[in-house]
Amino acid sequence: MTDSRTTHDTVGQPSAELAELKGRVEHFIHTRVIPREPVLDAGGPAAASALRELQALARAERLWALPLPAELGGGGLPFSAYAQLAEAEGASDHGPAALGSAPLLDVTMLARHAGSRVRETYLEPLVAGRIRTCYAMTEADAPGTDPFLTRTRADRETDGSRRITGRKWFTSGAATADLVTVLARTGAAPGDREGLSLVLVPTGSPGFRIVRELPVLGAAGQYEIELDGVVVPGDHLIGEEGGALAVAGERLALGRTLRSLRWLGQAQRAFDLMCERAATRSGSRGPLADHQLVQQHVFDALLALRSTRPLVHEAVALIAAGQDARTEVGLAKVAAARLLQQVTDSAIQVHGAAGLGPDTPLPALFRGGRTARILDGPDELHITSVARRTLRAYGPRPVTPG
């Protein structure tokens, strides 16, 4: 169950229609996806089969790829409208994949910045769910927060193709991906601000390999990869040569906002579990709901939810309008990550020992909350960036002569 917040009007989508669609998404996540989480979390052939079944159901229920372009087989919802659904969809980590919206970042990036052959070859099967993509930015000695240290290279061959050499790690979903977008140097040297480009690499290419899996607090899905002289056509460059940071910045702003929306959904799920536990569990001293310290957990969690949600949707509105949203995205990302960790921690506390075991999703939600404070840039990066940007407005004003 979710709280009774009002669905806002959205450009091009009447609020009543959007509320109905959101209800259908919520129902699908809670009745179809969440019951299959143990199988999906375990990975392997059984998880792949379960995901295919869920995707078929999503198509049958007309919930497939709602934010992806209609001309490519998606639902065609504008981002401002999809943002009203993303929280419900993200209540489960598997929701976006089950409903076909997971490739939104890659579809958006390729549609805007890829050449015609790449768009014609990959976009339609990507929207249809026949192929998967991943994104490789960070290296062991070159964190994503400092891309100028990138050592992976994509050198031009005499025929115009690119030969890629290097290693990346914490590449989500690399083991099952058909394509990986790689941040690599096409010029300059590590430490220089110039010479960084994005290259689309088919994972079946000779020289591509999975080095190892990198469990995150015990959870699977992250990988270290190696590109040992992988050759791709020259037209697999995404955007202009040397223009990676502009494309990556656009992708990160959208990606951080999407994650924040999904973390809201997961925090709401933890909040609901906490309240249900408090309302139904009694001990020798009476119902948990009557305990003031439990009430404190509920109040603080509700305050955090109600305070964070407007921050996230402020970022959504600016991105949808094509405006500078760097400050709002930074605020939303930090607030949503903290929210998920705080609310899940309170829910575990109210559940007691049961909140630590395998019978609730709380351990996985808590792990997600802790991870969220590092994903897409650690809290410290966003705090510093937002503070510096804010303080510039209070600096000395230039003196006008005369």
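The numbers here are math on the coordinates, done by the rules we state, and not lab data. Everything quoted here is computed from the prediction, not taken from an experiment. Ideal geometry is used to build each Cβ from the backbone, glycine not excepted, and the neighbour counts take in all protein chains shown.
Using the Cα gyration tensor of segment 136-288, with a ≥ b ≥ c the square roots of its eigenvalues, what is the shape: rounded (a/c below 1.5), prolate (a/b larger than b/c) or oblate (neither)?
Since a/c reaches 1.5 and a/b is larger than b/c, the shape of segment 136-288 is classed as prolate.
In debye, nearest 20: dipole of the chain around its Cα centre with unit charges on the Cβ of K, R (+) and D, E (-)? Display every interim value, and only then the final one.
On the way: 44 positive and 45 negative charges, 93 e Å.
Computed about the Cα centre, the dipole is about 440 debye.
Arranged from highest to lowest average of other beta-carbon atoms within 10 Å per residue, in what order do the peptides 196-207, 263-274 appear? Working shown, then result.
Details: 196-207: 19.2, 263-274: 25.2.
Most protected by this proxy first, the peptides run 263-274, 196-207.
For the chain, what does -39500 (n - 2.57) per DSSP helix run (n ≥ 4), summed and divided by total residues, give at 222 nm, in deg cm²/dmol to the nearest 500? The partial results should precede the final answer.
On the way: 12 runs with 193 residues, N = 402.
It comes out at -16000 deg cm²/dmol, rounded to the nearest 500.
Which net charge results when you count Lys and Arg as +1 and Asp and Glu as -1 among the other residues whose beta-carbon is under 10 Å from that of Gly221? Walk me through the numbers before you get to the answer.
On the way: positive: none; negative: Asp41, Asp93, Glu213.
Combined, the nearby Lys, Arg, Asp and Glu give -3.
Treat each spin label as a single point 7 Å out from the Cα along the C-beta direction, and report the Glu194 to His27 distance in nm.
5.9
Over what distance in Å are the Cα centres of segment 16-77 and segment 239-265 separated?
23
If you keep only loop residues by DSSP, which trypsin sites (Lys or Arg not before Pro) in segment 135-198 have at most 14 other Cβ atoms within 10 Å of their Cβ? Let's see the in-between values first.
Details: sites: Arg151, Arg153, Arg156, Arg162, Arg163, Arg167, Lys168, Arg185, Arg193; in loops: Arg151, Arg193.
For trypsin sites (Lys or Arg not before Pro) across segment 135-198 that sit outside H, G, I, E and B with at most 14 neighbouring Cβ atoms in 10 Å, the list reads Arg193.
So for Asp290, Asp345, fewest C-beta neighbours within 10 Å to most, what's the order? Don't jump to the answer; show the numbers that get you there.
Details: Asp290 11, Asp345 19.
Placing the least packed residue first, the sequence is Asp290, Asp345.
Could you state the number of Å between the C-alpha centres of segment 330-389 and segment 163-227?
26
Can you give the local net charge around Met109? Use residues other than it whose beta-carbon is closer than 14 angstrom to its beta-carbon, Lys and Arg +1, Asp and Glu -1. Walk me through the numbers on the way to the answer.
On the way: positive: Arg112, Arg119, Arg251; negative: Asp106, Glu240, Glu250.
The answer is 0.
Can you tell me what the convex hull of the Cα atoms of the chain projects to on average, as an area in nm²?
24.0
What is the chain's relative contact order, in percent, from Cα pairs under 8 angstrom and six or more apart in sequence? Provide the component values of the computation, followed by the final result.
Values: 663 pairs, mean separation 50.7, N = 402.
Relative contact order of the chain: 13 percent.
Have a look at Trp263, Ala320, Ala278 and report the one farthest towards the positive end of the charge dipole of segment 207-334, computed about the Cα centre with Cβ charges (Lys/Arg +1, Asp/Glu -1).
Most positive-ward Cα: Ala278.
In segment 72-117, what is the volume of the convex hull around the alpha carbon atoms, normalised per residue and reported in Å³? List each step's numbers first, then the result.
Numbers: hull volume 3.9 nm³, N = 46.
So the per-residue hull volume is 85 Å³.
With each pseudo-label sitting 7 Å past Cα toward Cβ, what's the Ala60-Asp324 distance in nm, one decimal?
Modelled inter-label distance: 5.1 nm.
In what sequence, highest mean first, do 95-104, 306-315, 349-358 appear when ranked by Cβ atoms within 10 angstrom? Write out the running numbers ahead of the final one.
Details: 95-104: 24.2, 306-315: 19.3, 349-358: 14.6.
Averaged packing, sorted descending, gives the order 95-104, 306-315, 349-358.
So, with +1 on the Cβ of K and R and -1 on the Cβ of D and E, and no other charges, what is the size of the charge dipole of segment 140-221 about its Cα centre, to the nearest 20 debye? Mind showing how you got there, number by number?
Details: 11 positive and 9 negative charges, 28 e Å.
Taking the Cα centre of segment 140-221 as origin, the dipole is about 140 debye.
If we count every other residue with Cβ under 15 angstrom of Leu72's Cβ, Lys/Arg +1 and Asp/Glu -1, where does the sum land?
Numbers: positive: Arg59, Arg112, Arg119, Arg130; negative: Glu71, Asp106, Glu120, Glu124.
Computed value for this residue: 0.
How high is the FRET efficiency from Val231 to Leu303, r the C-beta distance, R0 35 Å, rounded to 0.05? Kindly include the intermediate steps, with their values, before the conclusion.
Working: r = 55 Å, r/R0 = 1.57.
It comes to 0.05.
Quick one: what do you get for segment 69-208 if you divide its Cα Rg by 2.2 N^0.38 Å?
Details: Rg = 16.4 Å, N = 140, 2.2 N^0.38 = 14.4 Å.
My calculation over the Cα atoms of segment 69-208 gives 1.14.
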